[in-house]
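Data first, discussion second: the structure below is written as C-alpha cells.
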Amino acid sequence: MNHLRVALRQLLKSPGFTIVAILTLALGIGANTAIFSVINAVLLRPLPYPDPDRVVILQESDADQPNISVSFPDYVDWKKDNHVFEQLAVARRESYNLSGVKGRAPEQVSGAIVTANFFKVVGLAPQLGRVFTEEEDRAGGPALAVISDPLWQRVFQRDPRVLGRAVNFGGQFYTVIGVMGPRMFSPRTVEVWFPLMHRATGTSWTMRDNHPGLFGWGRLKKGVSLEDANAEMKAIAARLTQLYPESNSKIGVNLTRLLENQVGEYRASLTLILAAVAVVLLIACANLANLLAARGAARSREFAIRVALGATRWQIVRQLLTESLVLALLGGLLGFAFAAWGRDLLVALCPPDSKRFQETNLDGWVMMFTGLLAIATSVLFGLWPAWTASRADAQLALKSGAHGSSDAPGARRSRELLIVAEVALALVLLSTAALVLQSFAKTMALSLGFEPQQLLTARVDLPSPAYEDEKKLVVFSNALLGKLHQLPGLEKVALAANPPFMTGWQDGFLPEGAPEPPPGRQPSAEMAVVSPDYFPTIQTPLLRGRSFQPNETKSAPPILIVDQLMADRYFPGQDPIGKRIRIQTDDSGRKMRTIVGVVPHLKVYGFDEQTSLPQIYLPMLQQPQTGLVILLRTSLPPDSLEKSLRDIVASLDPAQPVFEVRSMQSRVAETWATPRLMTTLLTAFSGLALILAVIGLYGVMAYNGLRRTREIGVRLALGARRGQIAAMMLRQGLRLFVIGLGIGFAGAIVLSRVMRSLLFQVDVSNPVIYLAVSLVLAGAALIACWIPARRAARINPMVTLRAE
Amino acid sequence: MSDPLIELKHVERVYPLAKQQFFYVLRDINLKVEEGDFVSVMGPSGAGKSTLLHLLGMHDFGWTGEYFLSDAAIHQLKPKERTSLRNEQIGFVFQNYNLLDDLTVYENLDIPLSYRRYSKSERTSLVADTLDRFSIVGKKDLYPRQLSGGQQQLVSIARAIIAKPKLILADEPTGNLHSSQADDIMQLFKKLNGEGITIIQVTHSEINAAHGNRVIQLRDGWIVK
C-alpha cells in the first residue's frame, strides 16, 4: 500500500483538521525559519575570506577598560616577537572628504589606513590593479589608494581607467592603484585604504602610552589555535610590561576571531530569541500531538482492523508517521513562505549598523534547516499519537457492532501531561517577555540628560589644508551659525565636536593639586568642544555657574564646564566653580582651565550605559575644531531642514560636503535596535505561545467533554445539577493549569537568573511580574476551560442516552 | 491418523474481580479441530463464543492451558512469533465486515498482502486473481460505502482468503445480512471449505450451522456438546 497516497487521502478527508494543523505548523516552523535565517546570516555564515577562522582582531586592555586600541610601538614588538601569526597588521578607520570628481558633489567616505600586509591578513587579491607593497608603505612613500568595489561602482561607474588616476581624499591627492572585489568589506564599510606607515613617524605614534585608534589584524599560522596565539601574545605583553613599566604596567592583549569581533555582541540576544521561538514550536507540537491522538482514538476501529489483518505495530506507526510527515512538510513549505514574506519586516527591526543583519536571506542552508525542522517536527508531534494508536485492540474490531472511538490506556494521562507542559512553557516564555519588556520600558523611560526630540544633527569635516588656520575655522563657524539662525522654524542652533551619540574622544585629566597618578593610571573623561548655545540647544539645564560666552575666545582665560559626576567624584562636598583642571593633550598638559559651570551627566553612548566617565566641555572659541556637528532645534519636522542646511553650507564653501544628516532621535533609536528586536519578537512569540497553549487546553477540554458525553448524560439523568457538571469539568481543566503554572514558575525563575545580564535595571525576583503573567494566563485558561465545561453541562441526557 | 490443525488442552480464560474473586469466561476447554473441518460455535450470549474465537485468532494472550496450531505450541511462543504465525495461517471475517472505509475494494484486498512479505508484482497478481474469483472486478475502484451489505461481506471474505490462510475465523458472518445474502455467503464458505480451508464460525443460526460438518455448543464457558 502506498503510505503517501493513503496519507494524502486521509488529510483531504478532514480538511478542517488539515488546515488547522498546517497553519499551526506553518506559524511555528515559519517563525523558527525566520529567526534561523537571521542567525545564519549574522552568526553562522563564514566571512567571505579564505580560511576566515584564522583571521583575528587584536586589542589591548588597561586597568579600566577591557578593550582599548593598540599602541604602535607595542604592535612593532608583537610583530617582531610572535611565532603564531603568518601576518600581523594594524589598521585605523578614518573618514575623508572625497572631492574633485567631475559631476559629483563632494561626499564623505569611510576609509582606513592599513599596513601593507593587511591585505595578506584578509587573504583577498584586488579584482583590478594591485595593493601597495612594503616598500611603498613607509614614511615619505608615494600617496597611494586602493578603493572598494562599491566606491568604484558609485563614483567611477566601474571605469577601469580609474587605475593611475589622482583622486582628492581629504584635500590631498592619492593615486588609485587597485580596486578590491565585492567580498572585501573590512574594516566595516570601509571604501578606501591608504598606506599606514606614512604616519608612523609622528611623535605621538612613537609614544608607547599612546593608543591612537589602531586595531591589530592577524592571520594565524596553519595549525595554530586561538588559545595558543592568546597564550603567546599574553607572554609577549607580560614581557613588555617588564621592559616598559611606565607605559605598560597594566596593559594586556585580547584576541578574538574576526567574526566574533563583528557579531559577538548579538550572540546572547539571538540565542534567547531562537530559544523562545523553539518553545513556540514545542507548544505547537504538543497541540498537534493532542489533536492527532484524539484523531487516532477516533480511528481506533481502523487500526484494530489493520492489526486483525496482520499489520505489525511498526506498520501502523509508519502509516501515521507518513501522515505527520506530509502535514509537517506542507506546514514547512508554508512556513518557509511566511518567513520569506516576513524577511523585510524582520530586517527592518534588526540593528541597522551591522551589514550581516541586512544580508539576511533564505538561502540553501535555511532551506535545509526548514526541511530538517519539518522532519524533526513530524516525529515530535507524530510519534506519540502513532505509538498510542498502534496499540489498537484487535478484539474491538472482532466484536460485533463495535464502532466509535476508544482511549488507549494512559492516553488521557499523556494528553494531560502535554497540556501541563504547554502551560509551563507558555508561562516561562510570557515571564521572559515580561522581563524583557520591563527592561526595555525602563530603558526608554530613562533620562538621557538632554532632549533628543526635534533635534537635527549633521556632520561637516573641514579639510585640514584649507582650514589649517584656526582663524578660518572661527570665521566659517561664525558665518555658519549666523546663516543657520535664519532657517524657518529654528529655535536654537549650536556647533559641537563629539556631542552625545556622535562621540568617542576621551582624554586624560588631573584636578589642580591632586597627586600625580602612577604611569598609565591618569583618570579619563569624555571630551566635547561646544559653542556657547550648546546646552540650551540640546535642552540640558545648567546646574551651577554659567555657560560659555561669545567673547571668550583664545585670548580670554582658559575655561571649561564639567558634569555632575566629575563634581561629585573629584570635588566632593566642595563648590567646583573656580577649581582648575589640567587636560592631558591640551597644550601638552601644561594649561590649567578653570571650571565655570556644572551640567548634569549625559548618556552619550546609549541608554544602557552602565559605567561611564565624567564629562568635560571646552569652549569652541578657545579650541576651534575641523570636525563639526551642527545641532538644530526646530519646531518643524527635523528632516525637513536637510535641504536648507546643505544649501547654507554650500553657500559658504561649495567644496564642503554635509553628511550624516539625521535627527538625534533616530541616532538614539539606533542604540535601541537590539533590545527593540528582542522585545518585539519575544512579545510576539509569547503572545503566539499563549494563544497556542489556550487553544490546546480548549481542545483537550472539548475532547474530554465529548468523550464523557454518555457519562455526563447518565449523571444528569441521575439528578446532577448543570452547575455541578460544569464545575466538575472546570476542575479538571484548572487542575492541569495549576500544575503547569507551578512547573512554569520554577522554569521562569531559573531562566530569569540566566538572562539577568541581558536585562536593564530589572529585579528578576520581583513577584509582581510573575503574578501579572499568571493572571493573564489564568484568565485565558479560564475561558478555554469554561466554554467546553458549559457545553458539557448543556447536554440533553435523553438525546445522549438514546443515541448510545 | 494425522495431527489435528488445532488442539486446545485445559484452556481457561479468567478475569479477576475484586477481593480474590474471579470470573471464568472459558473453563477447561479441550478441543480438536481437524484440517478441512467446518466448525460452527453456538451458544447463548455470554457463553464465551467470541472469547474462544479471539483466543484461537491469537488476539488474546491472557489465557492459561495449551494451544497447538499446526504443531506449533502457541502457549510457548513469544508475541512476535504468534503474530507471524497468525499472518501465515489465519484469515478473519467479521459480522460488520470491517472494511476500511477510506480504501477502495482493490486497496482493501491489498492490505493483508502489504502486511506480509509479498512483492509488488505478486500482490498485483493475487488481488487480480481474487477479484476475478469473487466476480468483483467491476467493483474494484468502489469504496465500501458504495456497496451493499452482501457485497461488503463478499469483499471481506475475499480479503480473508487472499493471503491463502489455512484457517478462517468468522464471527457472525451473516449477522447483518438478509437470508438470501446469508445463504450466498454460506455457499461460498462451503466452497472454500471444499477447497481445503478450515473454517470456524460463531453463529446463532441453526441454518448456517447446518452448512458445517460439526457444531460446538458453549454455555457459561464450558463446552457442553
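Before moving on, here are some points about what is shown:
- Both the radius of gyration and Dmax for chain B are 17.8, 59 Å, in that order, over alpha-carbon atoms.
- Whether the stretch B:26-71 is rounded, prolate or oblate, judged on the alpha carbon gyration tensor where a/c under 1.5 counts as rounded: oblate
- Here the stretch A:155-278 exposes an accessible surface that is 55 percent carbon and sulfur, computed with a 1.4 Å probe and the other protein chains kept in place.
- Drop in accessible area of at least 10 Å² in the complex versus isolated chain, residues of the stretch A:350-394, 1.4 Å probe: A:Ala394
- Convex hull projection area averaged over all views, the protein assembly as shown, Cα basis, nm²: 58.6 nm²
- Share of Cα-Cα pairs in the stretch A:4-94 lying beyond 24 Å, as whole percent: 58 percent
- Degrees separating the helix A:411-445 axis from the principal Cα axis of chain A, which is the longest one: 20 degrees
- Pairs over the 20 Å Cα-Cα cut-off, from the set A:Lys442/A:Lys603; A:Lys79/A:Lys355; B:Lys164/B:Lys190; B:Lys139/B:Lys164: A:Lys79/A:Lys355; B:Lys139/B:Lys164.
- Trypsin sites (Lys or Arg not before Pro) lying in DSSP loop within the stretch A:505-552, provided at most 12 other Cβ fall within 10 Å: A:Arg546
- Reduction of at least 30 Å² in accessible surface, 1.4 Å probe, comparing all protein chains with the chain by itself, residues of the stretch A:281-309: A:Arg301, A:Ile305, A:Arg306, A:Ala308, A:Leu309
- With contributions of -39500 (n - 2.57) from each DSSP H run of at least four residues, the per-residue ellipticity at 222 nm computed over chain A stands at -16000 deg cm²/dmol.
- Peptide B:108-115 shows a mean partner chain C-beta count of 5 within 10 Å per residue C-beta.
- At q = 0.26, 0.30, 0.32 Å⁻¹, base-10 log of I(q)/I(0) for the stretch A:694-741 (Debye sum, equal scatterers on each alpha carbon): -0.98, -1.13, -1.19
- At least 50 Å² of accessible area lost relative to the chain alone, listed for the stretch A:1-35 with a 1.4 Å probe: A:Met1, A:Arg9
- Working note: 222 nm ellipticity from helices only, DSSP H runs with n ≥ 4, each -39,500 (n - 2.57), summed and divided by the residues of chain B, gives -10000 deg cm²/dmol to the nearest 500.
- Percent RCO, i.e. relative contact order, over chain A, from Cα pairs under 8 Å lying at least 6 residues apart: 16 percent
- Axis of helix B:179-194 versus longest Cα principal axis of chain B: the two differ by about 80°, to the nearest ten degrees.
- Interchain or long-range residues, amide H under 5 Å from A:Phe169's placed H: A:Tyr174
- Pairwise Cα separations in the stretch A:590-712 fall into 10 Å bins from 0 onward with the following percentages, short to long: 8, 19, 23, 17, 10, 8, 7, 5, 3, 0.
- Charging the Cβ of each Asp and Glu at -1 and of each Lys and Arg at +1, and nothing else, the dipole of the stretch A:457-513 about its Cα centre rounds to 320 debye.
- Using θ = phi - 60° and Karplus 6.51 cos²θ - 1.76 cosθ + 1.60, couplings along the stretch A:289-297 (whole Hz; Gly, Pro as x): 4, 5, 4, 5, 5, 5, 5, x, 5
- Chains B and A, summed buried accessible surface - 1.4 Å probe, Å², nearest 100: 2500 Å²
- Size descriptors for the stretch A:467-654: radius of gyration and Dmax over Cα atoms are 17.2, 54 Å.
- Computed 3J(HN,Hα) for the stretch A:327-339, one whole-Hz value per residue from the Karplus formula 6.51 cos²θ - 1.76 cosθ + 1.60 where θ = phi - 60°, is 4, 5, 5, 5, x, x, 4, 5, x, 4, 5, 4, 4, glycine and proline marked x.
- Sulfur and carbon atoms: percent of accessible area, the stretch A:298-362 [1.4 Å]: 70 percent
- Nonlocal amide H pairs with A:Val90, under 5 Å, H built at 1.01 Å: A:Thr115, A:Trp217
- Directionally averaged projected area (convex hull, Cα atoms, the stretch A:63-250), nm²: 11.6 nm²
- Straight-distance crosslink candidates among lysines, where the alpha carbon sits under 16 Å from A:Lys483 and sequence neighbours closer than 8 are dropped: A:Lys492, A:Lys643
- Protein accessible area in the stretch B:108-225, 1.4 Å probe - carbon and sulfur %: 49 percent
- The residues of the protein assembly as shown present an accessible area of 43 Å² per residue when probed at 1.4 Å with all protein chains retained.
- Degrees separating the helix B:149-161 axis from the principal Cα axis of chain B, which is the longest one: 70 degrees
- Residues whose amide H falls under 5 Å from that of A:Arg544, counting only those 5 or more places apart or on a different chain, are A:Val598, with hydrogens built in the peptide plane.
- Taking packing as the residue-averaged number of other Cβ atoms within 10 angstrom, the listed peptides A:423-430, A:320-327, A:475-482 run from highest to lowest as A:423-430, A:320-327, A:475-482.
- Over 31 Å (Cα to Cα) - which of B:Lys78/B:Lys191; B:Lys120/B:Lys166; B:Lys9/B:Lys80 fall in this group: B:Lys78/B:Lys191
The values are calculated or read from the model by the stated rules, or taken from the named source; none is laboratory data. From a predicted model like this one, the values you see are computed outputs, not experimental measurements. Positions of Cβ are backbone-derived with ideal geometry, glycine not excepted, and every protein chain shown enters the neighbour counts. Note: accessible area is taken over every heavy atom of the protein model, side chains too, but ligands, DNA and RNA are not part of it. Shrake-Rupley method; radii C 1.70, N 1.55, O 1.52, S 1.80 Å.
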